[in-house]
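Scroll down for the structure; my scribbles are underneath it.
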Amino acid sequence: MLIFTKISKQITMKTQTFISTCAIAATLLLSNCGNKQDTTSSSNKNQLLIVEYKNLNNRKIELPLSHFIEDFRIVRLDNSDEALFKAWTITPSNNYIGIRQSGAPFKLFDKDGKFLCDVGRIGQGPGEYEISIYDEIIDEKGGRIFLAPFFGKKIMVYGLDGKWIKDIPLKGRVQKPKMRLNEDGTLSIVHMSFSEAEPLAFCIDMEGEIVKRLPVSKNMIVQNFDGEIFSYQNGGEFDFFHTANDTLWTYNNTENRLEARFAMHFPDPDNKPIHIYLNIPQGIFANCYYWDVTTNQPGESSTYFIDRQTGKGQKFDLMNDFFGNLPASTNFNKGYNIQNFEPMVLKEKIKEHIASGKCPDKDKEKLKSFAKSLNENDNNLLFIGKLKK
């Protein structure tokens, strides 16, 4: 049985006042740590915000999820065998939920969790992909889904019924490409360039003809597939973080140029944490992950919120105040906050959270009742919140 649970507008006026106070306090606690550098072009002014890591405020605070999202819902996904998955990336849209897997077909659900179809399949024939998908676009207006392979010479186009429409042939091979559908109907692509002969970014029409091409700079040429390109596109722009360059960029396809947005200066360049910069309308998230070299395992991780206007940054944990202050994730993609849970994992997290004393008394029974409804044989559940503009 499919269940769609809506849990917005359930916070009392007293609680709302508390949350607003937390948000204001968080802003006041931010410490000076940044400076801005002008990256002026002939037609527009943009500023690169550079933050000194050593000046970030490391006194951790808790921020409510409601400070960033305008609604929250719980989606219980279809329990049919064909709906089961192992998610790599989850991409919601207004009416759909797309799930990218590693080495398995892309799956499409409706917004209520009903399984609709597999989009393409693994193989070497028409409409099939030999290797994993690296990026996707759900184009509701056009009734299409675009899938980009891990590497290859085509972009695959499907209908919302999962059926193959066509391949868009590319002039050269792309490696780990990220895509954005432009308002003029063209497709922008950023990928890992292995030589100066390969552009870093380009725009194509639906027949694969290149209409704009941006050469790669020497410091963004890679030698192998070890790095990544992250592009979450939460703020209405084609922003991306290229690990080879350590900077958050925007590809401005209208003027066919890169615009540097954010970078962090670490005191020891040879011993800096693994990190990802994530752009949202309210500012920048900097997720830093330290690796324990003695055990070769992930160690401490820290997330900072940086105010784009002031350059001030604060270490924080995100709490889901829509759901009893359960710890929340800073996983924001295509304008949504997403958490993916296996039923028994969520059940255990709820149990631990209630025992920690951090769950408000008014929410304890609600969370206990929800935990009882979880079944180990069920498909995963998604917590989805839409970002405020």
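Structural remarks
- Helical contribution to [θ] at 222 nm, DSSP H n ≥ 4, -39,500 (n - 2.57), averaged over the chain, rounded to 500: -3500 deg cm²/dmol
- Stretch gain in nm, segment Glu352-Thr254, where the contour uses 0.36 nm per residue and the Cα spacing is subtracted: 30.3 nm
- Spacing of the two label points (7 Å from each Cα toward its C-beta) at Asp71 and Asn95, in nm: 1.5 nm
- Taking Cβ atoms as reference points and 11 Å as the exclusive limit, the residues near Phe194 contribute a net charge of 0, counting Lys and Arg as +1 and Asp and Glu as -1.
- When you filter the chymotrypsin sites (Phe, Trp or Tyr not before Pro) in segment 295-372 for DSSP loop state and at most 16 other Cβ atoms inside 10 Å of their Cβ, nothing is left.
- Reciprocal mean inverse distance between Cα atoms of the chain - Kirkwood radius, Å: 22.4 Å
- Over the chain, relative contact order from alpha-carbon pairs under 8 Å, at least 6 apart, %: 17 percent
- Taking each of Lys154/Lys176; Lys312/Lys349; Lys176/Lys218; Lys141/Lys334 in turn, the alpha-carbon distance tops 22 angstrom for Lys312/Lys349.
Rule-based calculations on the coordinates, nothing more; no lab input. Quick caveat: nothing in here was measured; it's all calculated off a predicted structure. Glycine also receives a Cβ, built like all others from the backbone with ideal geometry; neighbour counts cover every protein chain displayed.
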